Each structure stands twice: as C-alpha cells, then as structure tokens.
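Notes follow once the structure below has been shown.
Derivation of every value follows stated rules applied to the coordinates shown; laboratory data play no part. Just so you know, these numbers come straight off a predicted model, no measurement behind them. Here the Cβ is made from the backbone with ideal geometry for all residues, glycine too, and neighbour counts use every protein chain on show.
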Amino acid sequence: MAAESPPVGSGAQQSGPAEWQLPGPKEKGWEFTDLTGLDLDAYEEGTAQIEGLDATNGSGGPIVMPLAAAAEQHADLVRAHIGAIVPANDIFTARNAERWRDGVFVHVPAGERLAEPLQLAIRAAAGDEVEWRALIVLEEGAEAEVWERYLSEGEGLFNGVVEIVLGDGANLRYVCEQELSDHGWVFATQRAEIGKEANLDWVALGFGSARGKIRMETKLAGRGSSAKVTGAYAGLGEQHLDYDTTQEHAAPDTVSDLAFRGVLSDSATAVWRGMIRVDPEAQRADAFQESRNLLLSNRAHADAIPGLEIEADDVRCTHAAAVAQVDAEQLYYLRSHGLDEADAKKLVIDGFLQELVERMIEGPIRDALAGSLERRLAELLAA
C-alpha cells in the first residue's frame, strides 16, 4: 500500500478534489462528452490486480517496481518527478494525486537500457474506483519499452495519470491499450516531456469503456526532439470514446507526427480533438496531425477537430481530418470479384487500419498492434 499521503513533486498543486467540480458541457474540451450520471462517490475505492510487475528491482541499474514501494525506497528520485509533468489542476488529476494506491515506477539511468519490454496488465474489479499512476523516467541516452493494458469487469471507474520524462538523447516506446468494460467510465491524463535529441514512439489503443475522456500531451522541450503518436479506437453499441491530443513544440528543430484512426459501428460515437501548439522559440518546427474515421452504421457518429496555435514564423504544420462511411464502390468491386459482403467489408476496414500498422517498425510492437486491431475488428463485425 502507498503511504497515506503519496509524495508529490514541488511543482504540483495539492488542492483537494473537493474543491473541484465536474466539467460541464460548456467547458472547452467537454462539449462532446456528457458526464450526466457520473457519481465519483458511487464506487468502492479498489486495488487493481497488476500482472507483470514484481516488487523488487535490480541494484544500481534500471528500476522497475510498484510506485508506492518506490516512493519509500527511492523517495528523492520519485519526489523530483511525480506531479511535475501532470499537476493536480482539475478534479480528475487532483483525485488521482490524493487517492492513488496502484502504480508503476520505471527509471533507467543514463546510457542504460531496459533489457526486456515491460508488459503490464492492470485489472479492476466490478464496482471499484481504481486510481492508477505511472511514472516513467529515462535519463540521458537511456532506452526502454513499456506496454500497459487497462482491463476491467462490469461497471466501474478508472482514473489514470501517466507521466513520462525523457532526458537528452533518450528513446522510449510506450503502448497504452484501453480494454475496460463497456459499462464503466475511463479518465486519463497522460503527458510526456522530451529532452534534446530524444525520441518518443507512443501508441494508444481505445476499445473499451462506456464514456470518459483521455488526454494525451507531448511537449518537445529540447532542440531536435521528436515524437510519433499513433492511435486507434473502435467502438460498438452505445460507447462514446473521447481523445484530446496536444503536440507542443517548445524548442527549435523539433518534429511531431500524430495519426489516429477510428472505426465505429452500431450507435457508437467518438470525438478526437487535436492541437498543434508552436511556441515562439520553436523555429523550424515540423508538425503533422490527422484523424480519419470510418463509420460502419448510419447511427454511428464521429467528430474530428484539428487545431493550430502557431507563434513562430519558420514552421511547417499540417493537419487533416475525415469522417466517412465504408465506400460502396469498393464493396461493389470486391463483391464483383467473388467476395461476400462480410469479407469485402473486412478487407476494406483492414486496409483502412493497415496504414497505422505500417507506421511501426517490424517487431513485437507492430505484431501486437496488428493483433489487437484484428481482434477488435472481429468483435465489431460480429456485432
């Protein structure tokens, strides 16, 4: 168990959750996600079952251990970073800062590498509120690969915070797969700060939950830093999926590349809101973002809202957004060549999602992404 008062970095605001109110539909960023029916006090304070995480770590090398244990055994190191990337500045982050009990701490010293990918499964029981917190710190020139899967049963509340700190020249591949029960709520605030010449390869998969919101932010803080963010979500029934992404260029010669794909069936809805922000000192920034959505039903709906805030004058920033039904001409062509309607539709959707898979280099991460998309597509087509 964590200490009664989990350590918070000096940059964090420690206002209690009672001082914050749930955001309403008129608050920017929440216009498309209705929180009616959300009672934060309706759930039992639960403890997640965590697979893939031991309570020990190597001596003198990389640290991989429960965050609560790290807060005691490596107090100075944890205190220096926790809450500095994600301060407690709204009801969800404040609640997490006060209540978290489950979490992971990953620290890779300068010039070292995490020998094997860290693969975690975080499972929540029905009726529980789980406050999950991940703190990933890579020092100068360090490398690591971290995968997280969020799972649950029945109705519940999952509220997560992920803080990623990459030192100069560090490289991280981070995968977050959300497969929570489609009867529960999900909220997550995930932010990364990237140092000089460092690189982040971030994959986000959203398949579960009934409603909620996931915020993903990358800050390119060092000259020559780069981030590739690849996201896919797939909803069925009456699910509502909400992703809010920010690419902040805060230093010169930085590159960000974000691509999201969504597939929706039945009466599922989704919203993606993306912002490219270029600070005045971030000359020669190169930023791209796109969101494309494929609707498998006339009742499904998606909103894609790209945005630009540019304060530098020597930049290249582009964005694209599209929402469309499955192309009837493509289906007709495939069916005229002997495929039945189900196989033809599957082939069209496979092609739509394959572009995401091709963004990954060959290896375990690409195989896992392809497998997850294949399984979810089968569920959508069977509905």
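Give me the three principal axis extents of segment 177-329 from the C-alpha atoms, as integers in angstrom, largest value leading.
46, 35, 20
List the residues whose amide H sits under 5 Å from the amide H of residue 241, counting only those 5 or more places along or on another chain, with H placed 1.01 Å from N in the peptide plane.
The list, which skips near neighbours in sequence, is 269, 270, 271.
Taking other Cβ within 10 Å of each residue's Cβ, how do 107, 74, 81 sort, fewest first?
Working: 107 25, 74 16, 81 20.
In increasing order of surrounding Cβ atoms, one gets 74, 81, 107.
Restricting to the chain, what percent of DSSP beta bridges are antiparallel, rounded to 5?
Details: 7 of 137 bridges.
Within the chain, antiparallel bridges account for around 5 percent of the total.
Modelled label-to-label distance, residue 155 and residue 284, 7 Å Cα→beta-carbon offset: nm?
About 5.6 nm separates the two model spin labels.
Grab the DSSP H runs of the chain that are 4 residues or longer, score each as -39,500 (n - 2.57), total them, divide by all residues and round the 222 nm result to the nearest 500 deg cm²/dmol. Intermediate results must be reported in sequence, preceding the final value.
Numbers: 6 runs with 66 residues, N = 383.
Roughly -5000 deg cm²/dmol at 222 nm, from the helical runs in the chain.
Which ³J(HN,Hα) values in Hz, rounded to whole numbers, follow from the phi angles of segment 250-255 under the Karplus curve 6.51 cos²θ - 1.76 cosθ + 1.60, where θ = phi - 60° and Gly and Pro get x?
Using θ = phi - 60°, the values come out as 10, 8, x, 6, 9, 10 Hz.
Compute the length gained on full extension between residue 366 and residue 125: take 0.36 nm times their separation in residues and subtract their Cα-Cα distance, giving the result in nm to one decimal.
So the chain would gain 83.8 nm between residue 366 and residue 125.
For 343, 182, which order do you get if you count the other beta carbons within 10 Å of each Cβ and list the fewest first?
343, 182
Taking N as the number of residues in the chain, what is its alpha-carbon radius of gyration divided by 2.2 N^0.38 Å?
Dividing the Cα Rg of the chain by 2.2 N^0.38 Å gives 0.97.
Given labels modelled 7 Å from the Cα in the Cβ direction, how far is it in nm from residue 73 to residue 267?
The modelled label-to-label distance comes out at 5.0 nm.
Can you compute the equivalent ellipsoid semi-axes for segment 250-383, i.e. the square root of 5 times each eigenvalue of the Cα gyration tensor, sorted largest first and rounded to whole Å?
Working through the eigenvalues yields semi-axes of 34, 17, 13 Å.
For segment 192-262, compute Rg over Rh where Rg is the Cα radius of gyration and Rh is the Kirkwood radius from the inverse mean 1/r over Cα pairs. Present the calculation step by step, with values, prior to reporting the outcome.
Details: Rg = 14.0 Å, Rh = 13.0 Å.
Taking Rg over the Kirkwood Rh, I get 1.08.
Check residue 326: other-chain or 5+ apart residues with amide H under 5 Å from its amide H, H built from backbone geometry?
HN-HN under 5 Å from residue 326: 295.
With labels modelled as points extended 7 Å from the Cα through the Cβ direction, what inter-label distance (nm, one decimal) is found for residue 354 paired with residue 22?
4.4
Please compute the length gained on full extension between residue 313 and residue 299, using 0.36 nm multiplied by the number of residues separating them and subtracting their Cα-Cα distance. Intermediate results must be reported in sequence, preceding the final value.
Details: separation 14, 0.36 × 14 = 5.04 nm, distance 4.29 nm.
In short, 0.8 nm is gained.
Based on Cα coordinates alone, diagonalise the gyration tensor for segment 101-249, multiply each eigenvalue by 5, take square roots, and list the semi-axes in whole Å, largest first.
The answer is 28, 16, 11 Å, longest axis first.
Ranking 20, 272, 185 by Cβ neighbours within 10 Å, fewest first, what do you get? Before the final figure, lay out each step's value.
Values: 20 16, 272 28, 185 23.
With the fewest neighbours first, 20, 272, 185 line up as 20, 185, 272.
Full extension from residue 343 to residue 42: what is 0.36 nm times the residue separation minus their Cα-Cα distance, to one decimal in nm? Provide the component values of the computation, followed by the final result.
Details: separation 301, 0.36 × 301 = 108.36 nm, distance 4.37 nm.
Difference between extended and current length: 104.0 nm.
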